[in-house]
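Accompanying notes for the structure given below.
The values are calculated or read from the model by the stated rules, or taken from the named source; none is laboratory data. The model shown is predicted, which means the values in this text are computed figures rather than measured ones. Positions of Cβ are generated from backbone atoms using ideal geometry, with glycine treated the same way; all protein chains shown enter the neighbour counts. The area values use the complete protein model at the heavy-atom level, side chains included, leaving out ligands, DNA and RNA. Shrake-Rupley method; radii C 1.70, N 1.55, O 1.52, S 1.80 Å.
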Amino acid sequence: MRQLSFFQFILVAVQCPGWQCYELQFLQQLKSELHFEYVLLLGNSEPIWLKALWQLPVSLIQIDEQFPHVDYNLSKHHSKNFLSIGFVGDDFPETLLEVIHLNLRMLNTVPILFVIRNQKMRVQTLLEWCWRHAFLNVQVIYENFEVSGHIIYSYTPFPILQFIERRLVNFTLLFPPRMTDLQGYRLPVVVGGSAPRLIVYRGTDGELIYTGFVGNLMKCIEQRFNCRLVQPHPFNESAIPPALQLIGAVRNGSAEFALSAIYPQRPFAGYTYPFELLSWCLMMPVPEEIPRSELYSMVFEWPAFLLTLLALVAISLVLGMALRLHGYRVRANEFFLHNSCLRGLLGQSFAEVFHAPPLVRGIYLEISVLGILIATWYNSYFSAYVTSAPLRPPFTSYDSIARSQTKVVVWTAEYRILLNYFSSMEKYESIFHFEPDYKQFIELRDSFNTKYGYMLPLEKWLLISQEQKVFSSPLFTMREELCFFRAIPIVFPIKENSIFQEALNRLILESLAAGLINHWREMAFTEMIKAGQMSLVDRGKPKEFRAMQLMDLQQISQGFALMMAAAALVFLLELMWFYRQQIRDRAMKFVSTPLGVH
C-alpha cells in the first residue's frame, strides 16, 4: 500500500510540478491511506485546495462558519468515512472550532486536517483545544507546507499528552492508528453488577481477582490496547454497586465507560454494541407435596364417589325388593341404604337372612365382590399417595401465581425499567414483592428460600440449574411460558463522544465472533465455586420415612367430630321424643299457672 502511494506521489509530481500542485499530491496520499468517501470542508476554503479536491473522485460538503449554531447531524445522514479539512485564518478560529465541535462532537475519531494561513499562530494552542474536546485524529499544517519544510504537527494523549512535530516523507503515515497501543495509559472505568457477569474475590496474596464475563473482558482490554484500567472510585468487593448506579459516573465524565450491564434507554446514545440478548423469566419454587391429611379425600374424585354412591343405592333397592318379594320384612329406609350393602361396600362382614333364596344370595355375592374391589381400589390408591405424595399444581401462568400465596421477589428499580419494554406486565403487579435494597434482593435471591419466587435473567438460571443437580431434590423450576421479556439487548454505558467507543465495540464484536463470551459464560459456574460464592451443598429436601403424626389425622378427626355432633343431636332428639308427654305436661302446667302464685 505504501509503495502504491509512493508511485502515485511520483506520478502526480511529474504531471504537476511545484507547490501549486502539491495539495493534489498531499490529498492523493491521504486518499490512498484513508480511503475516505467524501471530504468535509470547514471554514473559508482556499481556491487552490478546491481545485485539487475536484480532481479526486470524491464528493465535497462545505460548511460555512457564518452559521456556527447549525447542526447538520452528519452522524445520522452521512457516512462516517470522510476527511475533514478546516481552514484557519489569521486569528484564533473560535467560530470555526465552534462549528467543528457542534457537527463533529459525535464523530470525534474521524481524521481532521487543519490548514493554517498565519505562520505566527501557535499550533499547540489549537491541539490543546482538540484534546480537551476529545478530537483524537488531528493533524495541522501551514498553508505554505512545502516552504515550511513539510512539517506536520499533531499530538498523542497516550500515555500522557505529547505534542508531535515530524517531517513528511514518502512513506509517512499521515494519520497513524491511535488505539493499537495506548502505551500503558490509565483508562478510568467503573465496574459493577452481580454474578455471574462479575465475580470478584481476593486471592491468597490479598489482591482482588476479577473473573466472570466482565472480569475477563477487563483483562482483554488491558492486553489488547496495552492500557491499565483504573477505578476513580473506591471498590468494595463486599458491596458491589448495581449497574444502574454507575451510569452517573459515566455521564458526568469521571469514567470513560462502565463495565456493568444495563438496558439501553431512549435516546439510544452513549452505549456500546450489545454483547448479549437477555431474557427475564420467573424462577418459581417446585410445587410442594400435598399434606398427608388431605390424602384421604383425594382418592375419590367427585364423579367416582357419586357413581359408587349411586351403585350402593341401586343395590340396596334391588336387595330390598328381592327380600320383600320372598316375604322378608324390609323397612322403608333400607330400600335406599341397606345395612348389608353399606357394610359389604366398606369391606366389613354382614349377616344374611335365614334360608336366603338364590336371588338374594347372588345379590349378597355381588355386594361382597364390589366391596372387595372398592376396598382394594381405595387402599392401593391411598398407599401409592402415602408412598409418593402427589404435588400441588405447578405455576403455569401468571394468573395461577396470582391465585396462590406465593410472591415473586423483584428489585424495585429494575422492575420500573423493565416496564418500558413490557408495559402490560403492570396488570400483574400484585404477584410481586418489591425489594428496594439491591443487596438484600441479591441475598434473598441466592438464599434458595422457597417461600418466594424470583425474577432473574436466563443466564443466572443456567447456573442455578447446574447447582441443583447436586440437590437430592430440586427446589426451583422455570417454565418457558413464565418469561416476561425475551431478547432484550444488554450494553455497557459509555460517554457519548468517547474516543474509545469504536475500539471497544470492535473488541466486543470480535469476542462474540470468536466465541469468547460464550466460553466465559460457561466458565462462570466453576469460577463462582472457586470464589466461594457458590457451594456444592445439598439444599434439597431428601425423602425420608416419617411416622404418622397427629396433624395427618386432621380430616378423620374433623369427620369424627362432625359425626359425634350429629349423633349427639339425634340422641337429644330421641330423648325429647321419648319424654314428649312429660315435656308437654310440664309446659301446659307452667303456662296455666298465674304469675306470682307458688
Exercise. If you take the residues of the stretch 23-63 that are open to solvent by less than 50 Å² (accessible area, probe 1.4 Å), in a loop (DSSP other than H, G, I, E, B) and not aliphatic (A, V, I, L, M), which of them is nearest to V99 (Cα to Cα)?
Worked result: G43
Exercise. Just for the stretch 380-390: of the residues that are open to solvent by less than 90 Å² (accessible area, probe 1.4 Å) and either in contact with a strand residue (DSSP E or B) (Cβ under 6 Å, 6 or more places away or on another chain) or not aromatic (F, W, Y) (or both), which one is farthest from S293 (Cα to Cα)?
Worked result: S380
Exercise. Can you tell me how many residues in the stretch 454-489 are among the small types (G, A, S) and under 15 Å from F395 (Cβ atoms)?
Worked result: 0
Exercise. Just checking, how many residues over the stretch 264-273 are touching a strand residue (DSSP E or B) at 6+ places or on another chain (Cβ under 7 Å) and either among the small types (G, A, S) or buried (at least 19 other Cβ atoms within 10 Å of the Cβ) (or both)?
Worked result: 3
Problem set entry | Neighbours by Cβ (under 7 Å, 6+ apart or cross-chain): first from the stretch 315-329, assigned to a loop (DSSP other than H, G, I, E, B); second open to solvent by 10 Å² or more (accessible area, probe 1.4 Å) | H326/P357; Y328/V353
Exercise. Can you name the condition, by its number, that E334 falls short on among (1) at pLDDT below 85; (2) open to solvent by 40 Å² or more (accessible area, probe 1.4 Å); (3) of a type in the set (D, E, K, R)?
Worked result: (2)
Exercise. Restricting the first residue to the stretch 445-458 and requiring it to be more than 14 Å from E288 (Cα to Cα), which pairs with a second residue that is outside any strand (DSSP E or B) meet a Cβ separation below 7 Å and a spacing of at least six or different chains?
Worked result: F448/L475; F448/R539; Y454/R445; L456/R445
Exercise. Out of Q533, Q554, which single residue is closer than 30 Å to V386 by Cβ and of a type in the set (S, T, N, Q)?
Worked result: Q554
Exercise. Pairs under 7 Å by beta carbon, first residue more than 26 Å from E544 (Cα to Cα) in the stretch 376-405, partner open to solvent by 60 Å² or more (accessible area, probe 1.4 Å), six or more apart or different chains?
Worked result: T396/R479; T396/E481; S397/E481; A402/S430
Problem set entry | Segments classed as helices (runs of 4 or more DSSP H), wholly inside the stretch 507-598, with at least 1 members that are in contact (Cβ under 8 Å) with a residue 24 or more places away in the chain | 516-530, 554-578
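Given the options E527, E510, E574, name the one that is surrounded by 10 or more Cβ atoms within 10 Å (Cβ to Cβ), more than 30 Å from M298 (Cβ to Cβ) and in contact with a Ser or Thr (Cβ under 6 Å, 6 or more places away or on another chain).
After applying the criteria, what remains is E527.
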Exercise. In the stretch 167-190, which residues are outside any loop (DSSP other than H, G, I, E, B) and over 21 Å from P232 (Cα atoms)?
Worked result: R167
Problem set entry | Residue list for the stretch 342-359, restricted to those being aliphatic (A, V, I, L, M), open to solvent by less than 40 Å² (accessible area, probe 1.4 Å) and either modelled with pLDDT of 85 or more or under 25 Å from V299 (Cα atoms) (or both) | L345
Exercise. Going by the structure shown, is I464 crowded, with 17+ Cβ neighbours inside 10 Å and within 19 Å of L536 (Cβ to Cβ)?
Worked result: yes
Exercise. Of (1) at pLDDT 85 or above; (2) farther than 30 Å from Y271 by Cα, F545 satisfies all except one. Which?
Worked result: (1)
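So which of G248, G253 ends up being on the phi > 0 side of the Ramachandran plot, open to solvent by 20 Å² or more (accessible area, probe 1.4 Å) and not in a strand (DSSP E or B)?
Just a single option satisfies the conditions, and that option is G253.
Let's see how each residue does on (1) in contact with a Ser or Thr (Cβ under 9 Å, 6 or more places away or on another chain); (2) open to solvent by 20 Å² or more (accessible area, probe 1.4 Å); (3) modelled with pLDDT of 90 or more:
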| residue | (1), (2), (3) |
| --- | --- |
| Y452 | yes, yes, yes |
| L456 | no, no, no |
| R486 | yes, yes, no |
| E502 | yes, yes, yes |
| N505 | yes, yes, yes |
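Listed here are the residues, each with its yes/no results for (1) touching a helix residue (DSSP H, G or I) at 6+ places or on another chain (Cβ under 6 Å); (2) among the polar types (S, T, N, Q).
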{"residue": "Q231", "(1), (2)": "no, yes"}
{"residue": "F235", "(1), (2)": "no, no"}
{"residue": "P242", "(1), (2)": "yes, no"}
{"residue": "F305", "(1), (2)": "no, no"}
For this session: Need at least 3 residues that are touching a Leu at 6+ places or on another chain (Cβ under 9 Å) per element, so show me which strands (runs of 3 or more DSSP E) inside the stretch 191-235 make the cut, counting only ones lying wholly within it.
Result: 199-202, 227-230
Problem set entry | the stretch 413-433, residues that are among the aromatic types (F, W, Y) and either in contact with a Cys (Cβ under 7 Å, 6 or more places away or on another chain) or open to solvent by 60 Å² or more (accessible area, probe 1.4 Å) (or both) | Y421, F422
Exercise. Taking the stretch 257-305 on its own, how many of its residues are of a type in the set (S, T, N, Q), assigned to a loop (DSSP other than H, G, I, E, B) and either out of contact with any Gly (no Cβ under 7 Å at 6 or more places or on another chain) or modelled with pLDDT under 80 (or both)?
Worked result: 2
